[in-house]
Structures are given as structure tokens and as C-alpha cells.
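Below: one structure, written as C-alpha cells.
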Amino acid sequence: MKLTKTEKAAVAVLFASGEPIPAERLAQVFDCDEAAVHWMLRRVMDYFDEEESPLQVLRLDSQYQMSTREEFAQPVRNALEMKKNQPLSQAAMEVLAIVAYNQPVTKAFVEQIRSVDSASTVNMLVERGLLEEKGRLDLPGRPVSYGTTAHFLRSFGLESVGELPMVPESREEEEELDGQVRMERV
């Protein structure tokens, strides 16, 4: 497979940006509709897979970003002298899960579910780029609502929050899902 000039131009745009670019913006750049952008970038993804390229194009909801493949992360870190990110604490993972499944939410909502002060955890996740402000609610005090980011999706290998695993609604469902996971691992 060969890439067209337009597909190569899309790769150049994604490379130069370094950040996720909305499909809507790419459609404006290439004077086409969003469906054509999705089709074009699907071809680019297939091309990179076929060529076993160290690069990949990630789809993050309705945005696209170029990145290196996971197996090349360590040499890139070494070359750029990047410190390895510290793993997230249990509290941070709990807050991420609450926000991801219920977004947009306020700090008060997170604290109500966790029954502990979560302001510092939410702020740390915002600093790390995993959560972002999504707006303010029309309530007294105009509280900030939070949601997940493209960096969250990228970090957890998701295209959208719709790919998150189902949350069991009952203890029986939880045991059934747990049994299925064990069977899949065998």
C-alpha cells in the first residue's frame, strides 16, 4: 500500500502538532468532511501497521495524534532523558474511575462517592493532564466540572471512554464477570 499525497500531508500535520487534533479541524485543513478524515487516517494507521513502523496514529475520541509505539518508549525516554512517571496511587485510580464513568463531575461528587476529601487528588490528576475542567455548573458557587482528557485515553490505551469495561450492577454480576476474566486469562 502507498499513501496518497493528502495522506502524507495528514501525517506531516499530526507529526508537527505533537498534540491531538480534532477530526473537525483536519476536515477544514483538507477541505473534506469528517468521514473522509476518519477513512484517510484509518488508511494511514493500516499503512503504519503494515510497514511495522515505530510510529502510530492514535484515535482519541474524535481527535488524532501521532506517537511512537509502546515498545519504543524506553529508548525515547532515554534519548530525551525523561523521568519515568510515578505510578498512580489507589486514591488517584479511584478518582479517575469515578470521573471516567460519570463525567462531567464536580469535586463534591467525587468526595461524596469516596467519603474523603479528594481535592488534592483531583488537582494532581489535572496537573498530570489526565483530567481537565469541562466547564462550570449553573449552581450556587458555580462549581467546576471535570472530565477525562485525550492524555487519559492515550495512557490507558482507549479510543474513547465507551471502551471502558462494564461496571457490574450486582454482586452476582461482579462474580460472573470475574469468572469470565479468569477464564480468558487461562
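The values are calculated or read from the model by the stated rules, or taken from the named source; none is laboratory data. Everything quoted here is computed from the prediction, not taken from an experiment. Cβ: placed from backbone, ideal geometry, glycine included. Neighbour counts: every protein chain shown. Side chains are part of the model used for accessible areas, which takes the heavy atoms of the whole protein and leaves out ligands, DNA and RNA. Shrake-Rupley method; radii C 1.70, N 1.55, O 1.52, S 1.80 Å.
Within the stretch 1-12, restricting attention to residues that are open to solvent by 50 Å² or more (accessible area, probe 1.4 Å) and of a type in the set (A, V, I, L, M, F, W, C), which residue is farthest from H151 (Cα to Cα)?
M1
Quick check: is even one residue across the stretch 43-53 over 22 Å from S155 (Cβ atoms) and of a type in the set (S, T, Y)?
yes
Open to solvent by 20 Å² or more (accessible area, probe 1.4 Å) and more than 29 Å from V57 (Cα to Cα): which single residue out of Q103, Q112 fits that description?
Numbers: Q103 fails: more than 29 Å from V57 (Cα to Cα).
Going through Q103, Q112 in turn, just one is open to solvent by 20 Å² or more (accessible area, probe 1.4 Å) and more than 29 Å from V57 (Cα to Cα): Q112.
Given (1) under 21 Å from G162 (Cβ atoms); (2) under 19 Å from the mean Cα position of the chain (by Cα), identify the lone condition not met by V122.
Failed condition: (1).
For the subset of the stretch 30-56 comprising residues that are surrounded by 14 or more Cβ atoms within 10 Å (Cβ to Cβ) and of a type in the set (F, W, Y), which member is farthest from E70 (Cα to Cα)?
Across the stretch 30-56, the extreme among qualifying residues is F30.
Which residues, counting only those in the stretch 89-127, are out of contact with any strand residue (DSSP E or B) (no Cβ under 9 Å at 6 or more places or on another chain) and either of a type in the set (G, A, S) or touching a residue at least 40 places away in the same chain (Cβ under 8 Å) (or both)?
S89, A91, A92, A97, Y101, A108, S115, S118, A119, S120
Taking A27 and the conditions (1) without any contact (Cβ under 8 Å) to a residue 12 or more places away in the chain; (2) open to solvent by 60 Å² or more (accessible area, probe 1.4 Å); (3) of a type in the set (A, V, I, L, M), which numbered condition does it fall short on, given that it satisfies the others?
(2) is the only condition that A27 fails.
Taking only pairs six or more apart or across chains, which ones have beta-carbon atoms under 6 Å, a first residue in the stretch 140-151 that is without any contact (Cβ under 8 Å) to a residue 24 or more places away in the chain and farther than 28 Å from I21 by Cα, and a second residue that is open to solvent by 40 Å² or more (accessible area, probe 1.4 Å) and in a strand (DSSP E or B)?
R142/R136
In the stretch 117-174, what residues are open to solvent by less than 40 Å² (accessible area, probe 1.4 Å) and in a strand (DSSP E or B)?
Hits for the stretch 117-174 are L131, G135, V144, S145, Y146, G147, T148.
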